[in-house]
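Comments concern the structure below.
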Amino acid sequence: MQPTTSSTSEPPFEVTGDHVRGADGRAAAVRAGLVSLYTTSDPPTRVYRGENRLRRLKKALPEAAHHLEAECALGGFRTRVAFVTLTYRPEVQYSPRHVSELQKCYRKWLEHRGHVYRGLWVMETTKKGKPHYHLVMWLPRGLTPPKPDKQGWWPHGMTQVAWSTNPIGYCVKYASKGNTGPIPPHARLYGICGLRRMRQSFRHRMRPYWLRELVDQADRITRSPGVGWVNRDTGELHRSPYVITSRCKNWSWIEFAKRDAVEGHARAGGATAS
């Protein structure tokens, strides 16, 4: 099914890799280090890549904790929440595969006992950029997780295991702290595992607020970069009410403004030129 746009008219520009073309066909010049996409009388909002990632983390962790607790409640068994801290020795080089390999070990450990692995993790960095992890797991009562370093699951440094009665508060705490140092290249800041029946609800909560007002939780929504969000059930295309107006050439920051303001400015410019 071909997607149909939810807007009644096409915008007077198109967003490409480097510029926005206006209704009169003019393209903004590409300058070294800075690509000017459009100007508007309304002040644009600038967002830096690192800040945007932390903002999403602060939203995702508490939401994930709520949904994981609801997932356990639907399963009908009582749980305890284990916190595992994972640190590196000074001479060990970080790899994004380390935390994934550890989760595989815990997943196999739980599957061998007839249970599902449910948890999340978050990365923190020191001022010198040295990462460490905090892993949160929802376990059936009666099970105590083994220490990863003692089992050989985390040969990269030290680990610590503890229990908590307030996992959501714990996630909010670490989400609000953010990272004090530089983030390693290609590193993920968090991960979530074990959502099944509550997965669609979590995905809906993580959608942009303007999109949540247009679609239902059960709708299958797919993001199409540079185009919009496509409803796979109806074929409808939802376009963001915001548009990039300028950006740094390496995408370390972008500026955006309301789409209707930019379109209005473009139409006014086209009328003046004619």
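The values are calculated or read from the model by the stated rules, or taken from the named source; none is laboratory data. Keep in mind that what you see is a predicted model, and the values were worked out from it rather than measured. Using ideal geometry, Cβ is built from the backbone for each residue, glycine included, and neighbour counts are taken over all protein chains shown.
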Listing of helices (runs of 4 or more DSSP H) fully contained in segment 111-226 that carry 3 or more residues being without any contact (Cβ under 8 Å) to a residue 40 or more places away in the chain: 199-205, 209-212
Odd one out for MET198 among (1) within 30 Å of GLU71 (Cβ to Cβ); (2) surrounded by 15 or more Cβ atoms within 10 Å (Cβ to Cβ); (3) outside the structural domain of LEU74 (by TED's automatic domain parsing): (3)
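Could you grab me the full set of residues in segment 159-180 that are aliphatic (A, V, I, L, M), surrounded by 12 or more Cβ atoms within 10 Å (Cβ to Cβ) and either in contact with a strand residue (DSSP E or B) (Cβ under 6 Å, 6 or more places away or on another chain) or modelled with pLDDT of 95 or more (or both)?
Quick first cut of segment 159-180, residues aliphatic (A, V, I, L, M) only: 161-162, 168, 172, 175.
With surrounded by 12 or more Cβ atoms within 10 Å (Cβ to Cβ) added as a condition, the list becomes 161, 168, 172, 175.
Result: VAL161, single match.
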So ALA65, is it out of contact with any Asp or Glu (no Cβ under 7 Å at 6 or more places or on another chain), farther than 30 Å from LYS249 by Cβ and surrounded by 12 or more Cβ atoms within 10 Å (Cβ to Cβ): yes
Of residues in segment 67-89 being in a loop (DSSP other than H, G, I, E, B) and modelled with pLDDT of 90 or more, the one farthest from LEU143 (Cα to Cα): ARG89
